[in-house]
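Student: Starting off with a structure, shown below.
Read-outs throughout are calculated quantities, based only on the coordinates presented, and are distinct from any laboratory measurement. What you see is a predicted model, and the numbers here were worked out from it, not measured in a lab. Please note: Cβ atoms are built from the backbone with ideal geometry, for glycine as well, and neighbour counts cover all protein chains shown.
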Amino acid sequence: MNRRMTWAGLAALGMTAAVACTTPDDAASPASTPSTAVSSTPAPSSVPPPEPATPPPSTPTPSAPAPNPVSLQALAAKKYPGGTLRVGRVLARNAAYTRYFVTYPSGSLTISGILIIPSTPGPHPALVLAHGHIDLDIYTNGRGLMREQDYLARRGYVVLHTDYRNHAQSSKDPNSEVNLRLGYTEDVINAVLALRTSQSVDPNRIGLLGRSMGGGITYNVLVTQPGLVKAGVVFAPVSSDTADNFNRWTRNDTTASRAILRAHGEPSRNPAFWRNVSPINSFDRVTEPLLIHHGTADSTCPIAWSTKTLAALKQAGKNATMYTYPGEEHAFGPAWPTSMARTVSFLKQYGV
């Protein structure tokens, strides 16, 4: 697999999102007039003046084809106008922070989540938290990354935990599964933009933290929106090669896999599609530092996936660090405090 997919002309892809500014050719400069004097009266001539040359017909420049709407290129070319973070009712309060129910726009959808604001004076650095997979039948507002929410808020971070589309009180997207949940990436991008509107937040000090599936979403955000956040952190992430994730979890779900394969084809039969939804092939676009945490005993997301991701990032010349935790499973246990202390140190190092 080519690990460094060239997005042939992102500028061309950007034409799907914005009208390019074009500048007409500069008018030709007149030739310098020689200093030798010439007569103002032309000499008589019996030869008729030549006919003006007919310019050759112009050949229109073919426009680049629009990217597949289900692709990382399409997410990169898309416009994200952002929107206001709407703070609702108080969910909990203690001496260290207050926890609120919030909503924000993501395209035509409304996404719910929770916002935690420290009691200390702001504006504060902030983090968007991208949770891992939780069955939609049991998911509730703000569920997931509960330890991380509390730990980070007590250390002065505003925390926005997004519910994603189809979760909790968020709008429904019936095409989410067949579109390989790329809409979740949009929801996280829009979460960052909404967080910037909060008076409690320093808009120049926002980071991203994702766990498991949320780690894959973090990769997608860094690839499609370089410069959106200051740094990224992932815990026990899924593979950065989307075919790995499909084969491990979705292929055995007959209903979901049939719909996906019918729409996009098998990875072996339509490799271009699967390349274009896999962030590992676009790591050359990443501009932010990334920290990876992974336990050696993870039976859900094999640590080999993170090793492969780190190697690809390093090959692309990116600032990536990985800590491994002997004997730690997917959820992290005894080493969790160490991993969080390292996370806060990393974030502060890079201005979050």
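Student: Label the stretch 294-352 by shape, choosing from rounded, prolate and oblate, from the square roots a ≥ b ≥ c of the eigenvalues of the Cα gyration tensor; if a/c is under 1.5 it is rounded, and otherwise prolate applies when a/b is larger than b/c, oblate when it is not. Walk me through the intermediate numbers first.
Tutor: On the way: a/c = 3.09, a/b = 1.11, b/c = 2.79.
Taking the square roots of the gyration eigenvalues as a ≥ b ≥ c, the stretch 294-352 is oblate.
Student: If you don't mind, there's one more thing I want to ask. Please work out the FRET efficiency for the pair N68 and S119, using the Cβ-Cβ distance as r and a Förster radius of 35 Å; give the result to the nearest 0.05.
Tutor: Working: r = 47 Å, r/R0 = 1.34.
E between N68 and S119, to the nearest 0.05, is 0.15.
Student: Additional query: Given points 7 Å out from each Cα along the Cα-Cβ axis, report the N270 to T296 separation in nanometres with one decimal.
Tutor: Roughly 4.1 nm, to one decimal.
Student: List the equivalent ellipsoid semi-axes of the stretch 115-235 in whole Å, largest first, each obtained as the square root of 5λ for an eigenvalue λ of the Cα gyration tensor. Each step should come with its number before you reach the end.
Tutor: Numbers: eigenvalues 105, 51, 32 Å².
Three semi-axes, in Å: 23, 16, 13.
Student: For the stretch 119-178, state which trypsin sites (Lys or Arg not before Pro) are in a DSSP loop and have at most 14 other beta carbons lying within 10 Å of their beta carbon. Before the final figure, lay out the partial values.
Tutor: Numbers: sites: R143, R147, R154, R155, R165, K172; in loops: R143, R154, R155, R165, K172.
Sparse-neighbourhood loop trypsin sites (Lys or Arg not before Pro): K172.
Student: By average Cβ neighbour count within 10 Å, what is the ranking of 218-231, 241-254 from highest down? Could you put the intermediate results ahead of the total?
Tutor: Numbers: 218-231: 22.7, 241-254: 17.1.
Descending mean neighbour count gives 218-231, 241-254.
Student: Could you list the square roots of 5 times each eigenvalue of the Cα gyration tensor of the stretch 173-241, that is, the equivalent ellipsoid semi-axes, sorted largest first and rounded to whole Å? List each step's numbers first, then the result.
Tutor: Details: eigenvalues 94, 45, 18 Å².
Semi-axes from the Cα gyration tensor: 22, 15, 9 Å.
Student: Peptides 187-199, 332-344: what's the order by average Cβ count within 10 Å, highest mean first?
Tutor: Numbers: 187-199: 21.8, 332-344: 15.9.
So the peptides 187-199, 332-344, ranked by packing, come out 187-199, 332-344.
Student: Something else: What nm distance separates the two modelled labels at A256 and K348, each placed 7 Å from Cα along Cα→Cβ?
Tutor: Placing both labels 7 Å along Cα→Cβ, they lie 3.9 nm apart.
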